[in-house]
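Quick notes on the structure that follows.
Read the figures in this text as sums done on the coordinates, not as results from a lab. Keep in mind it's a predicted model, so treat the numbers as computed, not measured. Cβ placement follows ideal geometry from the backbone for every residue including glycine, while neighbour counts extend to all protein chains displayed.
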Amino acid sequence: MENVVIIGSGPAGHTAAIYAARANMNPLMFEGFMAGGVAAGGQLTTTTEIENFPGFTSINGTELMNRMREQSIHCGTRISTETVNKVDLRRRPFQVFTDDGMVEAKTLIIATGATAKRMHVPGEEELWQRGISACAVCDGALPTFRNQPLVVIGGGDTAVEEATHLTKFGSKVFLVHRRDHLRASMAMQERALHNAKLEIVWDTVLLDAVGKDSLEQVKLQNVKTGKEYLLDAKGLFYAIGHTPNTAFLEGQIKTDESGYILTELGSTRTSVQGVFAAGDVQDKRYRQAVTSAGTGCMAALDAENFLQSEEPSHV
């Protein structure tokens, strides 16, 4: 039986693993095998340059995750490249199922992240992270986007916030929305409408991403007139939401209406005793590598305290 099983291998999962291993909890991590269509290491493996993670002026996303993985192993974490497809939280020890078998665990740390929704338009796959991103806060300050025309897709608070953020870097930011009104709060709308560098493109949808080695233009269509046209853009940012990777839990843990795991204020404790959640799977607001790492630390400490309160001699 395992003291702690960590499901997920992004910054939250690996930080939890490092802390749990150093606390002699002998953690087992299921890092996933193309879980949610993303390689082990999570969303950062789809990011080229990261400039906002402490300790690195600039680092490739895959390299950063490889370093985290190496550190987890160095500290004593056992890593299995399997995807967890089911858990049983109705009894303890908890049961964790993969295609190859089942393990039992005294505690679980869920760090499965959230997957950014994509448009799947022609050109997107080839130009992903070559001008197309799902995180303006993560990527907007990169040199390739500075003083260039940028496009944001969406109409909610996140879209307006990210478009406003990008005006600090781009020469012009176009917020493309399929309707004639925004879903964002009035305060956010007022901020957008009074920003000289931000232009809202109403009643319009994205058709194509155009470019050879990097994004050069986007093809748009006005849904009312049917007119199609090209707009110069060096950056295309999706702000249409994320899907938390919680389907495998099958409703056994309390989540919000969008599927994000609910945790107690100031902790990573979930509605099930002995189960903890860290990273983007429980964070719909910040979604940053460094905040994910922070909650991973919290989850490991919470799991350790839980085990000590029940079984002081678990180590």
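Taking a ≥ b ≥ c as the square roots of the Cα gyration tensor eigenvalues, with a/c under 1.5 meaning rounded and otherwise prolate when a/b beats b/c, else oblate, which class fits the stretch 118-238? Provide the component values of the computation, followed by the final result.
Details: a/c = 1.74, a/b = 1.14, b/c = 1.52.
Verdict is oblate for the stretch 118-238.
Keeping to pairs on different chains or 8 or more places apart, tell me how many lysine pairs in the chain have Cα atoms under 18 Å apart.
For the chain, the number of qualifying lysine pairs is 13.
If amide H atoms are built 1.01 Å from N in the plane of the peptide, which residues on other chains or at least 5 residues away come under 5 Å of the amide H of T243?
For T243, the qualifying residues are T115, A116, K117.
Just grab the label-to-label distance for K86 and S258, each label 7 Å out from Cα along the Cβ direction, in nm (one decimal).
3.0 nm
Each residue of the stretch 87-94 in turn: what ³J(HN,Hα) in whole Hz from Karplus with 6.51, -1.76, 1.60 and θ = phi - 60°, glycine and Pro shown as x?
Those phi angles translate into 9, 10, 9, 7, 9, 10, x, 5 Hz.
Mind putting a number on the dipole of the stretch 1-120 about its Cα centre? Charges go on the C-beta only, +1 for Lys and Arg and -1 for Asp and Glu, and I need it in Debye to the nearest 20.
Values: 11 positive and 11 negative charges, 85 e Å.
Its charge dipole is roughly 400 debye.
Quick query: amide H of I6 versus all other amide H atoms, modeled in the peptide plane; which residues come in under 5 Å with a sequence gap of 5 or more or a different chain?
Hits under the 5 Å cutoff: L28, M29, F30, I109.
Taking the DSSP beta bridges in the stretch 118-238 as the whole, what percent of them are antiparallel, to the nearest 5?
Roughly 45 percent of the DSSP beta bridges within the stretch 118-238 come out antiparallel.
Please build a GNM for the chain, connecting alpha carbons under 10 Å apart, and tell me which residue among A20, A239, A184 fluctuates the most.
So, out of A20, A239, A184, the one fluctuating most is A184.
Determine the gain in length on full extension of the stretch E199-R178; use 0.36 nm per residue of separation and subtract their C-alpha separation, reporting nm with one decimal.
So the chain would gain 6.2 nm between E199 and R178.
For the chain, give me the percentage of DSSP beta bridges that are antiparallel, rounded to the nearest 5 percent.
50 percent
What list of whole percents do you get for P(r) of the chain, with Cα-Cα distances grouped in 20 Å bins up to the one holding the largest distance?
Going out from 0 Å in 20 Å bins, the chain shows 32, 50, 17, 0 percent.
What does the charge add up to near D180, with Lys and Arg as +1, Asp and Glu as -1, over the other residues with Cβ less than 10 Å from its Cβ? Mind showing how you got there, number by number?
Numbers: positive: R178, R179, K224; negative: D203.
Summing Lys/Arg as +1 and Asp/Glu as -1 gives +2.
Just to check I understand the Karplus step: with θ = phi - 60° and J = 6.51 cos²θ - 1.76 cosθ + 1.60, what whole-Hz values come out for the stretch 65-79, glycine and proline as x?
5, 4, 5, 4, 4, 4, 5, 4, 5, 4, 7, x, 6, 9, 10
In bins 5 Å wide, starting from 0, what share of all Cα pairs of the stretch 51-94 does each bin hold, as a percent?
Histogram of Cα-Cα distances, whole percents per bin: 5, 16, 15, 16, 15, 14, 9, 7, 3, 0.
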